[in-house]
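Pasting a structure here, questions to come.
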Amino acid sequence: MLATWSFAVTTTDASLVSRCQNADLTAFNTLVSRYKDKIYRYVYRMTGSADDAEDLTQEVFVRMYTSINGFRRDASISTWLYRIAGNLCTDSFRKNKNARFDTSLDAPLESADGDNAAGREIADESNAPDTLFGRKELSEQIETALAKLPPKLRSAVILHDVEGLAYDEIAQTEGVPLGTIKSRIFNARAALRESLKNYLSA
Amino acid sequence: MNEQSCQKIQPLLAPFVDSETSPQEREQVERHLQGCAVCQSIVDDFAATARLVSTLPTPTLSAGFEAALARRIADSSLAPKPVSLWNKLLAWWEDTAPNGVRVAPTFAVAAVMLLLIGLPTTWLLTGRNVPLGITKQVVATPTTDAASLVASDPAIAELWDEHRSFAAAQPLGDPAQSLGEEN
Ligand SMILES: [Zn+2]
């Protein structure tokens with residue numbers, strides 16, 4: 001028992017994947033506990049909603065399990081999981097777009113030009129030069145700025161800044177050339193620079 | 001610094017901040033920054049945005065997450081889907097082909113399939129399976145055309161257009177909106 005346990009702790013992803021391919025649920029659960037927090041954090045930062053993120057994270061691992069035989073050993077399992085997660089986020093954005101046309105009123109933070117009334121209100125309040133920001137307020141400003149980015153730019157910058165992936169790993173995750181990731185991150189940073197200009201020197 | 005040299009250097013600024021430049025590119029950027037306050041301020045701001053994003057707190061999954069997932073897998077008698085013929089062929093190619101030839105497994109295997117099954121079927125299969133093969137190839141693409149990277153990237157412009165067109169309809173951070181309702 002003890003031997004099995006200590007073996008499991010050091011088991012490589014590759015061998016867990018092989019066992020998973022044979023419907024080994026223990027191996028599956030080990031992979032889940034190894035990657036659930038990373039995937040959840042990424043999906044949470046992509047969607048901005050805890051509930052959506054938890055549902056989507058469940059779905060990521062269900063897909064991992066059912067599609068495990070399609071996993072190619074030349075990629076890392078984490079890259080593959082981020083990829084599944086990113087695709088599921090994109091699907092859910094699309095679904096939401098089609099299903100709810102009237103939600104813009106409930107969600108003033110997400111505006112086409114980033115300068116609607118509610119956005120200005122928040123900005124004015126927090127831009128007062130002498131205001132000291134709490135950690136929470138600052139986080140909200142950053143979340144709002146991320147939410148304003150097109151999902152693919154948001155994904156690139158989150159994978160880099162939050163998940164710590166290198167550019168080539170992001171390219172692999174997104175299935176695009178390295179040059180595309182360079183320009184996505186440039187554009188994301190340029191947009192964030194604009195939205196967060198009042199907090200950059202802090 | 002003249003505008004032209006700034007334009008040439010700017011696509012390198014994000015990779016510079018993120019330590020993703022080649023040594024030559026890094027030197028090139030550093031030389032430019034010595035004489036250009038504008039680009040230096042972009043570099044400082046880019047670094048600050050990265051710092052801000054990285055300080056976001058890590059969210060915590062609810063305690064029952066793993067149990068719920070394990071139940072879902074067990075209850076619905078889900079099982080890994082079997083490997084397709086296509087994946088078997090790809091795996092075989094990866095394992096057998098010498099290193100130098102492995103760059104384009106998709107196309108090599110596609111050629112075999114073409115002979116075996118005929119064009120229509122191959123088209124369908126390739127359409128579904130091409131991305132991973134492509135990834136492998138394009139990651140190695142040299143980025144010497146860095147100067148035109150941002151300016152001439154219609155894909156980015158398209159992303160922004162697409163985003164603007166439905167941005168208002170996808171309320172990020174709206175807790176009232178849950179996937180569960182959609183399903
Ligand atoms: Zn310059």
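Report yes if B:Val53 is among the β-branched types (Val, Ile, Thr) and more than 16 Å from the ligand (Cβ to nearest atom), otherwise no.
yes
Can you tell me how many residues within the range B:11-40 are out of contact with any Leu (no Cβ under 8 Å at 6 or more places or on another chain), open to solvent by less than 50 Å² (accessible area, probe 1.4 Å), in a helix (DSSP H, G or I) and within 17 Å of A:Arg189 (Cα to Cα)?
Selection size over the range B:11-40: 6.
Oh, and also: Hey, among the residues in the range A:94-108 that are modelled with pLDDT under 85 and more than 7 Å from chain B (Cβ to nearest Cβ), which one's nearest to A:Thr12 (Cα to Cα)?
Only one residue fits best here, namely A:Asn98.
Right, something else. Among the helices (runs of 4 or more DSSP H) confined wholly to the range A:1-93, which include 2 or more residues that are under 26 Å from B:Pro82 (Cβ atoms) and at pLDDT 90 or above?
A:13-21, A:25-47, A:50-66
Results for (1) among the hydrophobic types (A, V, I, L, M, F, W, C); (2) in contact (Cβ under 8 Å) with a residue 40 or more places away in the chain; (3) in the same structural domain as A:Cys89 (by TED's automatic domain parsing); (4) open to solvent by 30 Å² or more (accessible area, probe 1.4 Å), shown as yes or no for each residue.
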site: A:Ile142; (1), (2), (3), (4): yes, yes, no, no
site: A:Ser155; (1), (2), (3), (4): no, yes, no, no
site: A:Tyr167; (1), (2), (3), (4): no, no, no, no
site: A:Ile181; (1), (2), (3), (4): yes, no, no, no
site: A:Ile185; (1), (2), (3), (4): yes, no, no, no
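Let me ask you something else. Quick check on my filter: what residues within the range A:58-73 are under 15 Å from the mean Cα position of the chain (by Cα) and more than 7 Å from chain B (Cβ to nearest Cβ)?
A:Glu59, A:Val60
Within the range A:187-202, restricting attention to residues that are modelled with pLDDT of 95 or more and among the polar types (S, T, N, Q), which residue is surrounded by the fewest Cβ atoms within 10 Å (Cβ to Cβ)?
A:Ser195
The values are calculated or read from the model by the stated rules, or taken from the named source; none is laboratory data. Predicted model, so just to flag it, every value in this text is computed and none were measured. In this analysis, Cβ positions are derived from the backbone assuming ideal geometry, glycine residues included, and neighbour counts consider all displayed protein chains. With ligands, DNA and RNA removed, areas are computed over all heavy atoms of the protein, side chains included. Shrake-Rupley method; radii C 1.70, N 1.55, O 1.52, S 1.80 Å.
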